[in-house]
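What follows is a short report on a single structure.
FYI, it's all coordinate maths here, none of it is from the lab. The model shown is predicted, which means the values in this text are computed figures rather than measured ones. Using ideal geometry, Cβ is built from the backbone for each residue, glycine included, and neighbour counts are taken over all protein chains shown.
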């Protein structure tokens, strides 16, 4: 049963996504996101948006389907480990991934003991199904792996339809909370003046938030992107050609969503950073 689960998850991790590129990160960045995602909704959403790690296409959303809490961190580390083992033919790659996933660390040893017998019972009944699928896979192009990939894609579609509404509601709630802390005006200059007053009063978090919104509005008016209240830092980074935005967006996420207390240097860095972003950004 453990090798069956390993094969399914490995197939999901290594399958090439059919959607457009979402987020490209390094292995270290993916592991860091996974460590935060267990308790950080924003980090979790960013993690699900990743589809390229160290130049390799990875369906992270599929691999993390159903994961909760510490299991998210464990699976994310596993993805990094599996990708680090990539070499040789695709079949050999998947065999190595299955071997890693079959390790005792990832076979559910932390599950509560009351579930042990029910899971064993379920495994005994799924094993014939797995053998039947493998048998059918031998008569189709690509073999059993191709059939498992098709089944995995169906699982991804089903999971996405269930979780999509929850993710959208969470993003909307976050955006409403952020919007509530900002003035109603959509004038970048007015927002900057309000941010200056907030900084002078020692409210550095509000200053960072205000300058972030003012920067997005200026990008919109320059036709670099189309502003909307629900824009995320990841979407902005993909929409503009401005290396300086990496630091601006990272500071904003840490403060707005990560709960880090803003300091004076954050407000000052936001002011300087947005000047650089607006200088570097190119109209579409």
Stokes-Einstein diffusion coefficient of region 227-274, Kirkwood radius over Cα pairs, 20 °C, 1.002 mPa s, in µm²/s: 189 µm²/s
Residues 124, 186, sorted so that the one with the fewest Cβ neighbours within 10 Å comes first: 124, 186
Residue order, fewest to most beta carbons within 10 Å, for 223, 44: 223, 44
Computed label-point distance, nm, for sites residue 235 and residue 117 using a 7 Å Cα→Cβ extension: 5.1 nm
For region 188-280, the fraction of alpha-carbon pairs in successive 10 Å shells from zero, as %: 18, 55, 26, 1
